[in-house]
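To start, the structure under review is shown below, and the notes come after it.
The values are calculated or read from the model by the stated rules, or taken from the named source; none is laboratory data. The structure presented is a predicted model; accordingly, all values stated were derived computationally and were not measured. Here the Cβ positions follow ideal geometry from the backbone for every residue, glycine too, while neighbour counts run over all protein chains shown.
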Ligand code: PHE
């Protein structure tokens with residue numbers, strides 16, 4: 001069983017204290033028609049016109065904050081938008097409410113700034129996530145959401161029974177062709193009353209959603225009856241199977257893998273076989289009843305799923321490198337334009353420009369974290385950095401000092417880089433690693 005690193009907080013509903021408002025010039029800037037204000041990191045972190053006091057744990061970087069508000073998933077004809085629209089259309093046409101209206105509402109503009117409580121993140125893991133403001137109180141510490149599940153509770157509290165939610169999510173990570181610290185997810189949630197769940201079952205009127213003195217087992221939560229869980233699980237898997245068949249075609253092979261998320265139980269992952277490999281495309285499960293309870297929907301039960309839009313787009317359109325989603329190159333973007341949302345799209349690779357690489361080695365202090373180094377490289381090198389790999393680790397036999405050597409591969413998506421350009425960037429990285437991470441360069 002796979003374990004995931006989010007933690008379920010205590011679920012007493014608590015008011016969210018809004019951070020201090022931004023200085024008035026920033027607020028005014030947001031109201032004007034000009035470009036969105038650029039995020040700033042000074043004594044305060046300014047993001048989307050809101051101001052957060054900066055403290056010792058603030059670990060967002062300007063490069064990351066620049067991505068907030070870009071919303072690639074809302075940019076018409078962008079490949080992530082194409083996938084989002086295909087999913088929306090599938091749900092709109094397959095699930096229709098009593099009056100012919102779409103059952104699922106769609107939300108794609110919620111701010112990615114959330115509290116750790118919303119994010120189900122009790123760990124406050126500064127190595128994995130991006131924090132804006134760190135407080136000892138759980139419901140005031142703010143971060144960039146690490147998954148769209150962070151909005152489950154607020155949308156259920158708002159009274160929604162069935163919704164889809166697309167958004168940008170942020171995780172500190174390694175650097176390679178399928179990992180980027182900002183990516184996009186689509187969340188789906190559906191709630192059922194007892195009537196909705198059991199009405200299609202023969203004799204369903206004698207069944208109940210909840211039982212008073214049950215046990216939590218591998219198969220179910222304490223308060224749910226086994227019938228509830230089985231019917232929900234069937235509905236969830238059926239919904240996702242039909243979505244994946246719509247996206248990938250009838251030939252696709254699927255498999256379900258059991259796993260763990262702190263906000264669902266039981267939980268599953270769906271893997272799709274693509275070019276001989278099993279590829280995880282989404283996580284899902286039966287929503288923890290205490291979440292529904294704290295959102296005022298404790299009399300209903302529900303399921304949730306979250307899928308990765310880049311993952312799906314890379315596979316479906318044959319896009320080899322995740323950085324391409326951020327490209328402004330017409331040769332990339334124009335390949336996804338067209339009136340017919342469902343036309344087959346196969347990405348034709350742009351001519352690849354040659355990579356250049358440079359190694360960096362340094363003695364590391366005990367406090368050294370690889371993700372800090374990756375962020376530093378990304379912050380300085382931006383999208384020029386294609387990959388960073390650890391080449392070598394060494395512990396001095398006498399002094400016990402440890403040294404690491406990394407290879408940084410630089411490549412521009414749209415032109416050939418010069419040695420000179422790479423050298424300047426690389427030297428900046430060397431200097432910043434010394435001053436910011438306390439490493440001792442062996443250059
Ligand atoms: N939020 C999970 C992730 O990012 C996916 C998920 C969503 C799992 C909803 C269960 C329910 O990996």
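Values as computed for the structure displayed
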item: Scope the stretch 283-302; condition within 11 Å of the ligand (Cβ to nearest atom) and not in a helix (DSSP H, G or I); matching residues; result: 283, 284, 285, 286, 287, 288, 302
item: Selected residue (only one of 133, 129 is in contact with a strand residue (DSSP E or B) (Cβ under 6 Å, 6 or more places away or on another chain) and away from the ligand (no atom under 15 Å from the Cβ)); result: 133
item: Residue match in the stretch 252-262 (condition: loosely packed, with under 14 Cβ neighbours inside 10 Å, within 16 Å of the ligand (Cβ to nearest atom) and touching a residue at least 24 places away in the same chain (Cβ under 8 Å)); result: yes
item: Residue within the stretch 303-319 that is outside any helix (DSSP H, G or I), away from the ligand (no atom under 12 Å from the Cβ) and at pLDDT below 95 present; result: yes
item: Residues of the stretch 156-176 classified as in contact with a strand residue (DSSP E or B) (Cβ under 8 Å, 6 or more places away or on another chain), away from the ligand (no atom under 14 Å from the Cβ) and not in a strand (DSSP E or B), total; result: 4
item: Residue among 386, 414, 430, 436 that is at negative phi, in a helix (DSSP H, G or I) and modelled with pLDDT under 95; result: 436
item: Checking residue 280 against (1) within 16 Å of the ligand (Cβ to nearest atom); (2) assigned to a loop (DSSP other than H, G, I, E, B), the condition it does not meet; result: (2)
item: Residue within the stretch 415-422 that is under 23 Å from residue 63 (Cα atoms) and surrounded by 15 or more Cβ atoms within 10 Å (Cβ to Cβ) present; result: yes
item: Conditions (1) closer than 23 Å to residue 169 by Cα; (2) crowded, with 19+ Cβ neighbours inside 10 Å: number failed by residue 271; result: (2)
item: Residues that are modelled with pLDDT of 95 or more, in a helix (DSSP H, G or I) and in contact with a helix residue (DSSP H, G or I) (Cβ under 6 Å, 6 or more places away or on another chain), drawn from the stretch 199-233; result: 231
item: Inter-residue pairs, beta-carbon under 6 Å, first under 25 Å from residue 327 (Cβ atoms) and in the stretch 397-423, second in a helix (DSSP H, G or I) and modelled with pLDDT of 95 or more, 6+ apart; result: 410/422
